[in-house]
Structures are given as C-alpha cells and as structure tokens.
Amino acid sequence: MNSAFQAALKATLPPQSLLIEAEALRPYECDGLSAYRQVPLAVCLPETLEQAQAVLRICLEHQVPVVARGAGTGLSGGALPLADGVVLSLARFNRILGIDADNRLARVQPGVRNLAISEAVAAYGLYYAPDPSSQIACSIGGNVAENSGGVHCLKYGLTVHNLLALKVLTMDGELLEIGAQSLDSPGYDLLALMTGSEGLLGVVVEVTVKLLVKPERAQVLLAAFASVETAGAAVAAIIGAGILPAGLEMMDNLSIRAAEDFVHAGYPVDAAAILLCELDGANAEVSEQIMAVREVLFSAGATEVRTAQDEAQRMKFWAGRKGAFPAVGRISPDYYCMDGTIPRQHLAQVLRRIGELSEQYGLRVANVFHAGDGNLHPLILFDANQPGEMKKAEDFGTDILRLCVEVGGTVTGEHGIGVEKLDAACSQFTAAELAQFHAIKAAFDPAGLLNPGKAVPTLHRCAEMGRMHIQGGALPFPELPRF
Amino acid sequence: MTTESVLINRVRQAIADSTPLCIQGGASKSFYGRTCQGEPLDVSGHAGDIRYEPSELVLTARAGTKLSEIETLLAANNQMLPFEPPHYSPGATLGGMVAAGLSGPRRPWGGSVRDAVLGVKLLNGRGEVLRLGGQVMKNVAGYDLSRLMVGALGTLGVLLEVSVKVLPRPADERTLVFELDDDIAAARQIAWGRQPLPLSATLYEAGRLYVRLSGSAQGVQAARVAMGGEETASALWAEVREQTLPLFQTKQALWRVSLPAAAPAMPGENLTEWGGALRWIVSDEPAESIRQHAAALGGHATLFRGHDGMGEVFHPLPPAMLALHQRVKLALDPHSLFNPGRLYQGL
Ligand SMILES: Cc1cc2nc3c(=O)[nH]c(=O)nc-3n(C[C@H](O)[C@H](O)[C@H](O)COP(=O)(O)OP(=O)(O)OC[C@H]3O[C@@H](n4cnc5c(N)ncnc54)[C@H](O)[C@@H]3O)c2cc1C
C-alpha cells in the first residue's frame with residue numbers, strides 16, 4: 001500500500017477503525033458467494049459521518065477504489081473486495097436514530113440489521129415489511145443496495161417500495177439527501193435509482209424506512225400437489241380470483257424433503273410440490289379469504305389443503321420455507337442458487353424445462369421460490385470435488401438464466417448481478433443499454449471508483465463473450481460457490 | 001413506416017438540427033410544470049399494442065395509449081391501476097401518466113405511479129431505443145432507470161412503451177363521512193393510521209372528513225362498524241382526483257403541499273388528502289414563504305395551478321442535487337433535446 005495513502009487513513013481513523021494486517025483482513029475476503037475471494041488493501045470501519053467522508057476523499061485523492069460493505073450476506077459477490085481497493089464497512093453505523101410512530105417511519109443507520117428494525121418498532125404495533133430470509137443478519141444498507149425482497153413482497157413490495165429517504169455520500173464525500181419524510185419528492189426519482197445500484201453510485205449512510213401497521217391476523221395455508229405444473233397453475237388461479245396473498249411460495253419435492261428433515265415443519269413429504277399461501281388483514285377479511293383460497297386450491301387440483309391451527313404452526317410452516325437453503329445445503333456438498341424471474345404464465349413450462357435440463361446434466365435441482373412474483377430460486381446440487389461437476393453446474397445455471405430471459409424475464413430478481421452474473425447480464429442487455437448504464441454511473445461517480453467492475457458488464461466483456469460463443473469454445477467460468 | 005420509427009427519425013433529425021423538442025401526449029397535463037421551449041413532438045399516435053394477461057397482474061402498452069382505454073379494459077377484468085391516476089381530460093395517455101407521476105386518492109395505501117412501473121421502452125437523446133426494467137414483478141438487473149422516468153416530465157427521453165403492475169379491484173368499497181373540526185379530524189386520522197384498518201382514501205374539507213374503505217365485504221363491514229360515521233356517495237373520489245371540485249377552479253395560485261402525514265396544519269389549508277400527507281392551499285402568499293413553511297415541516301410545495309409557467313413550479317433543489325440532476329439528464333439526453341426547462345430552469 002502506498003505509504004502516503006496509508007498515513008492519510010491513519011491520520012483520519014482511530015486505530016480500531018482501520019484494518020491492514022492480513023489476518024484482520026481475512027474475514028472480509030468474500031460475501032455470501034464465497035467461491036470468489038479477494039483480500040483488500042485495507043478495511044475501514046468509520047464510526048462517524050465525518051470519518052466516512054474523509055475515507056472517501058482520501059481514496060478519491062489517491063485513486064483507490066472503494067467497496068461498501070454491509071453484513072456481507074450478498075449472494076452475487078457485490079461486496080467482494082478489490083485487490084487494490086479499500087473495503088468501507090458500515091458495520092459501526094448500527095444505530096436506530098428515530099422512530100416516528102404517528103408518521104409510520106423509522107430513521108436508521110445503514111448497518112442496522114433488517115430484523116432489528118421490526119423488533120424495535122414492534123412495541124408500536126408496526127413493522128418493516130421486506131423480509132429477506134437472511135433478515136437476522138443482513139443490513140438495511142445492503143438491502144437498499146440490492147433492492148432485496150422477501151416472502152411478503154407480493155403484497156407489500158420490495159425494498160424500493162418501502163423507503164422514504166436516504167442520505168448518501170458520493171465518491172467526493174458530498175452528502176446528498178434523497179427523498180424525504182413526505183411522499184413523492186421533487187425532481188428525479190433518485191431514491192429508486194439508488195435502490196438496487198449495488199454500491200456503484202454512492203454510499204448509503206442513513207435510511208428512512210416506511211413502517212406498516214401489523215395486520216390484525218395472518219394465516220397460512222399449505223396445499224399439496226401431485227405435480228409442479230398443477231401447483232404452478234394454482235398460483236395463477238389464486239391471483240386470477242382477485243386475491244392478493246401476503247405471500248405465495250412454492251417448494252418442490254426435493255426441497256420439501258430436505259426442509260422436513262431439517263426443521264420438521266410437518267410438510268407432506270410425498271407431495272410433488274407444495275404452496276404456502278399467507279393471507280393477512282382484518283380478522284373477518286382473513287376468514288373470508290381462507291375459504292375462498294381453499295376452494296380455488298382444491299379446484300386447481302390440490303390433493304390436500306391445511307390451515308395452520310395456531311401461530312406456532314404458522315411459524316413452523318414458514319420455518320421450513322425460510323430454512324430451505326440451509327436444508328438443501330445438508331443434502332448436497334455444494335449447491336448453486338439461481339435467481340431468475342419470469343412472467344408467471346410460463347411457470348409450468350420453465351419448471352418442466354428445468355427438470356429436463358436436470359436429467360440432461362445429471363444434476364439434481366431443488367426448486368424453492370417466490371411463486372407469486374415468478375421469482376425462481378432453482379438450487380443446482382453438485383459436488384465440487386467431482387471433476388467436471390462445477391462446470392456442469394455452471395452451464396446448467398447459464399441455461400436456466402437464458403431460459404428466463406427468453407420467456408420475457410430477467411437473470412436476477414433480488415440477488416443482484418454483482419460479479420457472479422456479469423456474463424448473464426450480457427445476454428439480457430444490448431450494447432446501447434449497457435452504455436447507458438455506464439453513463440449513469442459516470443454521472444454519480446466520474447472517477448469510477450465506487451465498486452468498479454460490478455453490476456454492469458463492460459461492453460468489452462460482452463463482446464468477448466459473443467466472440468467466444470461464435471467460436472463455440474467454452475465460456476470462461478469463475479470458480480463456483482461453496483456455501 | 002411504423003409510428004416508432006417516425007419518432008426515432010424525428011429525434012435523430014432533432015439531434016442533427018439541434019432543435020429542442022416538447023413532447024406531448026394527450027395534452028391533459030400541459031398546465032403542470034414550467035413552459036417548455038421547443039418544437040412540439042406529438043407522441044399520441046404511438047398507441048395501442050396492449051399486452052395484458054390478467055393473472056400476471058401486468059399490463060404493457062404503447063405510451064400514447066389512452067388511459068381511459070386502459071382503465072376500461074382493466075375494469076372489464078375486475079382489475080385497476082392501484083395508484084388511481086388523474087386524467088384531467090379525456091386525452092390523457094399512459095406515457096403522460098408516467099411522465100407527470102401524479103397519483104390519486106389511493107396513493108398512500110395503494111402506492112404511487114413509480115411503485116407500479118415495472119419497465120419502459122425509451123427513446124433516449126442519442127436516438128437509441130432502450131428496454132429498461134421489464135414485465136416481471138422483481139428485476140434487479142441494471143440500474144432502475146424505468147422508475148427514474150416517473151415524474152421526470154419527459155426531460156430524460158421519449159417513452160415508447162410502459163409496463164405497469166395492476167391489482168385486483170377490491171370486492172367492496174364504501175365511503176364514510178364525519179362532521180369534525182380540523183384538529184379533531186387530524187388527530188382521528190393519525191389514530192386510524194396506526195390501526196389495521198382497510199383505508200384507501202381520505203379527504204378533509206370544511207368540517208367534513210370523508211374516508212373510503214376498500215377490501216373484502218366482511219373486512220369493510222367490520223371497519224365500518226368500528227369507525228362509526230355515516231355512509232355517503234362515492235362519486236367524491238373521482239371529483240377530487242379529477243379536480244372538478246369548486247376549490248380547484250380557482251384563478252389564484254393553487255399549491256400542492258406534500259408533508260409527513262402527521263405534520264401540523266399549514267396556514268390556509270383548504271383541502272387535505274392522503275391521510276394528511278397531501279394538502280391543497282389556494283393562496284397569494286409569496287412562493288418563498290409557502291415553500292419555507294413546507295420544508296420546515298419536512299415536506300415540499302408545488303405550484304400546481306395558477307402560474308405563468310416561467311418561475312419555478314417545483315420545490316427548488318439544493319445546489320449539489322441540482323448539479324447531479326443535470327449530470328443525470330445529460331447522461332440520458334446529452335444534447336438537451338427533451339422538454340428543456342419543463343421541470344426546472346436549466347434542466
Ligand atoms: C441464507 C441467505 C438467504 C438470503 N435470502 C434472501 C432473500 O430472501 N431475499 C433477498 O433479496 N436476498 C436474500 N439474500 C441475499 C442478501 O442477504 C441480500 O442481498 C442482502 O440485502 C445483503 O445485505 P448485506 O448487508 O449482507 O450486504 P453486503 O453483502 O455486505 O453487500 C451487498 C451489496 O451492497 C453494497 N452495500 C452494502 N452496504 C452498502 C451501503 N451502506 N451503501 C452502499 N452500498 C452498500 C455492497 O457494496 C454490495 O454490492 C440471502 C442471503 C443468504 C446468505
């Protein structure tokens with residue numbers, strides 16, 4: 001590390017806020033996508049806004065790239081350090097700054113955990129709606145950067161729908177206030193633009209979230225099906241009936257069995273697929289909807305429909321779903337999690353095709369996903385110690401994402417492009433679209449120092465890919481995840 | 001030649017001639033914002049090609065498609081645009097709806113225009129056609145430039161096509177009215193806002209608080225019993241949305257003030273919507289003092305009607321934000337072709 005640069009950081013940060021020893025840097029070498037690893041030059045853990053601003057200004061002066069980091073649970077390598085860069089951890093920005101129950105909002109620092117917000121406002125009968133499965137660990141700043149979703153997005157929206165304001169530092173240390181405690185702020189909707197920008201446009205240093213009133217009652221139905229296709233059709237039937245469930249999740253047989261072995265949720269292990277359908281609202285409303293949904297499910301071919309008998313059973317039903325990833329992790333040495341989203345009408349067709357690909361590649365797939373939003377999470381099971389399996393899993397994943405784009409969907413619904421899906425993004429965007437994204441990046445960060453190389457592939461990279469495609473050669477593939 | 005290629009050619013010609021363009025859909029919201037200086041570009045002919053599958057909860061159409069046509073189609077399938085957009089005249093188009101970014105009475109509960117936009121096809125200032133966002137509920141590939149178009153008043157490009165999320169219409173809807181003094185009405189709304197009630201609109205004017213409930217028949221009935229009040233006609237919501245109420249016919253300056261819902265009253269408030277989050281004020285007070293007052297309460301003020309289109313209509317941005325807006329504008333429209341000055345002077 002350049003000594004002037006190091007001296008400048010040392011002069012700015014207290015000793016406990018600057019890590020430069022190899023051993024101390026190690027824990028930061030990857031995020032939730034641990035196949036990609038890189039130790040950074042240094043890790044800065046500022047405790048104040050002024051320190052964060054100073055770190056950015058020093059990095060700008062010395063032309064050192066900066067990777068913001070929340071809790072490091074990202075699944076696409078967004079927080080992967082750069083060898084010649086600094087990691088700016090927001091872990092010490094971990095305070096809830098204010099709760100305004102009458103205006104149903106909370107002001108929090110970016111390092112606050114997602115679940116901690118709902119816990120802090122529970123006493124007011126309020127909660128923060130987006131609930132990623134990682135919510136006990138992931139930070140709200142990371143949620144903003146990824147536009148994270150959860151099992152309740154269908155009715156309550158993604159992170160972008162549940163924010164009111166951000167405070168953001170640009171690379172030159174300027175503090176911007178985007179949005180407000182009031183609705184529909186004047187000017188361009190930079191709040192939407194910042195959300196999901198994967199740390200490339202600015203560093204989020206404060207978040208004002210919208211809070212919702214806890215519904216009077218929430219109830220979950222579990223329906224079993226003899227095929228994934230009928231389960232997929234049942235999803236369309238529920239929505240076609242004019243019902244908007246709070247959550248509508250599907251699991252296939254492999255994930256049902258894995259989850260059942262893991263958390264004993266009481267799932268029907270013989271079913272080809274199950275749907276979990278949560279209904280919430282006023283007591284009377286929920287009762288009415290339960291009856292309606294039961295009827296729809298049976299006429300759509302459900303072999304069994306159960307209603308959680310009490311809150312404990314409801315939590316059990318959800319525990320199986322929320323624990324599905326780790327559960328699958330127990331039945332396979334490795335798995336590779338995909339995140340494509342498709343128009344729901346193609347659900348049955350895409351699931352069938354994934355099944356065929358699974359046979360073709362000789363790799364098992366567990367499907368567990370946000371069926372209501374058409375957001376698929378096929379988990380490709382493989383063993384990285386078997387020669388060639390990693391590559392097969394990667395190719396299989398690429399085929400799935402291509403299929404998603406073909407039917408009018410996207411390569412990532414909520415996990416982000418990061419470094420992992422840069423090649424997949426080439427298949428989704430034209431050169432003009434990518435150039436437009438780069439121009440937007442330059443409007444915020446002309447020096448190109450914030451998380452460079454992530455989220456938007458270079459035109460060069462995509463051109464290379466295209467060329468390789470024509471030659472029919474093997475695509476360059478990075479090492480696959482083991483988590 | 002398709003209507004799309006006509007528009008592309010017009011924009012390419014405008015680049016070559018350096019002529020700024022004033023994009024116009026149905027001209028239903030031409031009063032909104034500052035006056036645009038440039039040649040008119042009529043996009044209302046680029047209409048139709050509606051793709052709509054009710055069970056997907058998504059509708060895609062060309063930007064010149066009439067809002068009335070879309071809403072009729074949705075209603076026939078028992079669905080709706082959740083943000084209840086104002087038309088203001090029969091010519092209102094889908095693209096204009098996105099560009100203006102105005103949402104109606106359901107906004108705090110059903111979300112805004114930008115909440116529902118899933119993707120757009122955009123003709124940028126380089127004459128390129130871009131697909132931004134998509135037709136699915138969740139999509140985090142690429143920056144969210146489609147939502148950036150909402151409320152940009154056409155300053156970033158020509159919208160060619162829009163995909164929006166739609167929702168089932170509530171099974172039941174009822175309107176209640178309460179006779180209340182303003183401070184009690186405000187307190188009541190704050191209290192209701194903290195309860196799980198199926199609210200979908202509020203309006204307070206001259207001692208009367210109107211509340212709309214939407215949901216399942218039983219849910220609405222339960223809330224109706226719990227809340228009291230008298231039942232009344234529901235035509236009111238269209239009148240406030242379309243601004244046909246007498247208040248909006250004023251020749252004086254009409255201010256649209258967005259505040260945190262529980263913020264205290266501004267001087268001279270005439271009508272309150274959105275559970276307190278939107279206040280309409282007819283006033284001859286200097287713009288500066290109205291804006292300062294709104295900002296002090298955590299909000300902002302728009303000079304909605306009754307101005308000459310020359311001064312600032314929207315709440316002025318701090319210098320760093322304005323500079324960023326200018327850079328964002330140039331990233332999409334490098335020759336400053338589209339709707340110059342419509343949103344802010346110099347943008
Ligand atoms: C078991 C498991 C389950 C998961 N389930 C879900 C799920 O249901 N839904 C879902 O959407 N995701 C899920 N995720 C993915 C992940 O938890 C989310 O993407 C989360 O939002 C990341 O938050 P983080 O704090 O860990 O961010 P990090 O991983 O630290 O960072 C993610 C990205 O955000 C940037 N960033 C972080 N903080 C800031 C900041 N303050 N300012 C600017 N940029 C910043 C980083 O540079 C990086 O690009 C899951 C992950 C795991 C491991």
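Residue count for the range A:182-226 under the criterion of being in contact with a strand residue (DSSP E or B) (Cβ under 7 Å, 6 or more places away or on another chain), more than 30 Å from B:Arg342 (Cβ to Cβ) and either among the small types (Gly, Ala, Ser) or free of Cβ contacts under 8 Å to residues at least 12 places away in the same chain (or both): the result is 4. Total residues in the range A:56-76 satisfying the condition of being part of a loop (DSSP other than H, G, I, E, B), buried (at least 24 other Cβ atoms within 10 Å of the Cβ) and more than 6 Å from the ligand (Cβ to nearest atom): the figure is 1. Listed by position, the helices (runs of 4 or more DSSP H) enclosed by the range A:372-483 that each have at least 2 residues that are modelled with pLDDT under 90 are A:389-406, A:459-471. Looking only at residues in the range A:374-388 that are buried (at least 21 other Cβ atoms within 10 Å of the Cβ), of a type outside the set (Val, Ile, Thr) and more than 14 Å from every other protein chain (Cβ to nearest Cβ), the one that is nearest to A:Val411 (Cα to Cα) is A:Pro378.
Scanning the range A:185-196 for residues that are in a loop (DSSP other than H, G, I, E, B) and within 14 Å of the ligand (Cβ to nearest atom) turns up A:Thr195, A:Gly196. Being over 25 Å from the mean Cα position of the chain (by Cα), within 15 Å of the ligand (Cβ to nearest atom) and more than 9 Å from chain B (Cβ to nearest Cβ) holds for only one residue in A:Gly173, A:Gly199, and it is A:Gly173.
Checked against (1) within 16 Å of the ligand (Cβ to nearest atom); (2) surrounded by fewer than 24 Cβ atoms within 10 Å (Cβ to Cβ), A:Ala443 meets all criteria but (1).
Residues that are more than 10 Å from chain B (Cβ to nearest Cβ) and either out of contact with any Lys or Arg (no Cβ under 8 Å at 6 or more places or on another chain) or not hydrophobic (A, V, I, L, M, F, W, C) (or both): does the range A:214-222 have at least one? Break it down into steps so the answer makes sense when it comes.
Keep residues of the range A:214-222 that are more than 10 Å from chain B (Cβ to nearest Cβ), which gives A:218-222.
From the residues that got through so far, the ones that are either out of contact with any Lys or Arg (no Cβ under 8 Å at 6 or more places or on another chain) or not hydrophobic (A, V, I, L, M, F, W, C) (or both) too are A:219.
The answer is yes, given that some residue of the range A:214-222 is more than 10 Å from chain B (Cβ to nearest Cβ) and either out of contact with any Lys or Arg (no Cβ under 8 Å at 6 or more places or on another chain) or not hydrophobic (A, V, I, L, M, F, W, C) (or both).
Do we have A:Pro40 as at pLDDT 95 or above, in a loop (DSSP other than H, G, I, E, B), closer than 28 Å to A:Leu211 by Cβ and more than 22 Å from the chain's Cα centre (by Cα) here? Answer is no for this residue. Highlighted here are the strands (runs of 3 or more DSSP E) found entirely within the range B:1-116 that include at least 2 residues which are over 30 Å from B:Leu199 (Cβ atoms) and touching a Pro at 6+ places or on another chain (Cβ under 9 Å): B:21-24. Which pairs do you get when a residue that is buried (at least 18 other Cβ atoms within 10 Å of the Cβ), found in the range B:250-261, comes within reach of a residue that is outside any strand (DSSP E or B) and β-branched (Val, Ile, Thr), reach meaning Cβ atoms under 8 angstrom, with the pair 6+ apart or on two chains? Once the first residue is buried (at least 18 other Cβ atoms within 10 Å of the Cβ) and sits in the range B:250-261, its partners that are outside any strand (DSSP E or B) and β-branched (Val, Ile, Thr) give B:Trp255/B:Ile290; B:Val257/B:Ile290; B:Ala261/B:Ile190.
In the range A:112-121, of all residues being without any contact (Cβ under 8 Å) to a residue 24 or more places away in the chain and more than 13 Å from the ligand (Cβ to nearest atom), the one that is nearest to B:Pro196 (Cα to Cα) corresponds to A:Ser118. Filtered by the rule that a residue be surrounded by fewer than 22 Cβ atoms within 10 Å (Cβ to Cβ) and under 20 Å from the mean Cα position of the chain (by Cα), the range A:77-98 gives a lone residue, A:Ala91. Residues that are of a type in the set (Asp, Glu), within 15 Å of the ligand (Cβ to nearest atom) and either in the same structural domain as A:Pro65 (by TED's automatic domain parsing) or not in a helix (DSSP H, G or I) (or both): does the range A:129-136 have at least one? Among the residues of the range A:129-136, at least one is of a type in the set (Asp, Glu), within 15 Å of the ligand (Cβ to nearest atom) and either in the same structural domain as A:Pro65 (by TED's automatic domain parsing) or not in a helix (DSSP H, G or I) (or both), which makes the answer yes.
Scanning the range B:256-273 for residues that are of a type in the set (Gly, Ala, Ser) and modelled with pLDDT of 95 or more, we see that the one that is nearest to B:Leu180 (Cα to Cα) is B:Ala265. For the range B:338-347, indicate whether the set of residues that are buried (at least 20 other Cβ atoms within 10 Å of the Cβ), outside any helix (DSSP H, G or I) and free of Cβ contacts under 8 Å to residues at least 40 places away in the same chain is non-empty. No, that holds for no residue. Figure legend. Inter-residue proximity from the range A:394-417: first residues under 15 Å from A:Ser358 (Cβ atoms), second residues among the basic types (Lys, Arg) and surrounded by fewer than 24 Cβ atoms within 10 Å (Cβ to Cβ), beta-carbon distance below 7 Å, spacing 6+ or different chains. Indicated pairs: A:Leu403/A:Arg353.
Of the residues making up the range A:12-27, one or more are within 15 Å of the ligand (Cβ to nearest atom), more than 17 Å from A:Thr170 (Cα to Cα) and at pLDDT 95 or above.
Here's a check for you: in the range A:401-460, which residue that is within 7 Å of chain B (Cβ to nearest Cβ) and of a type in the set (Ser, Thr, Tyr) is nearest to the chain's Cα centre (by Cα)? Ranking the candidates gives A:Thr412 first. Of the residues making up the range B:243-263, one or more are more than 10 Å from chain A (Cβ to nearest Cβ), assigned to a loop (DSSP other than H, G, I, E, B) and in contact with a His (Cβ under 8 Å, 6 or more places away or on another chain). The set of residues from the range B:264-296 being within 14 Å of chain A (Cβ to nearest Cβ) and surrounded by fewer than 19 Cβ atoms within 10 Å (Cβ to Cβ) comprises B:Pro264, B:Ala287, B:His293, B:Ala295, B:Ala296. Among the candidates A:Ala52, A:Ala145, which residue alone is near the ligand (Cβ under 10 Å from one of its atoms), in a helix (DSSP H, G or I) and within 13 Å of chain B (Cβ to nearest Cβ)? So the residue among A:Ala52, A:Ala145 that is near the ligand (Cβ under 10 Å from one of its atoms), in a helix (DSSP H, G or I) and within 13 Å of chain B (Cβ to nearest Cβ) is A:Ala145.
Name the residue that is farthest from the chain's Cα centre (by Cα), counting only residues in the range B:123-144 that are touching a residue at least 40 places away in the same chain (Cβ under 8 Å) and outside any loop (DSSP other than H, G, I, E, B). By that ranking, first place goes to B:Val129. Screening A:Leu158 against (1) within 12 Å of the ligand (Cβ to nearest atom); (2) more than 20 Å from the chain's Cα centre (by Cα) leaves a single unmet condition, (2). Just so you know, in the range B:1-56 the residues that are more than 25 Å from the chain's Cα centre (by Cα) and among the β-branched types (Val, Ile, Thr) include one that is farthest from A:Ile238 (Cα to Cα), and it is B:Thr19. Assess whether A:Val220 counts as being within 26 Å of the chain's Cα centre (by Cα), at pLDDT 95 or above, part of a strand (DSSP E or B) and within 16 Å of the ligand (Cβ to nearest atom). No. In the condition set (1) crowded, with 21+ Cβ neighbours inside 10 Å; (2) free of Cβ contacts under 8 Å to residues at least 40 places away in the same chain, B:Ala63 is compliant with all but (2). Using the structure shown, decide if B:Gly38 is buried (at least 23 other Cβ atoms within 10 Å of the Cβ), closer than 26 Å to A:Gly187 by Cα and not aromatic (Phe, Trp, Tyr). No, not satisfied.
The values are calculated or read from the model by the stated rules, or taken from the named source; none is laboratory data. Computed from a prediction, not measured in an experiment: that's the story for all the values here. Neighbour counts are summed over all protein chains in view; Cβ atoms, including those assigned to glycine, are modelled from backbone coordinates with ideal geometry.
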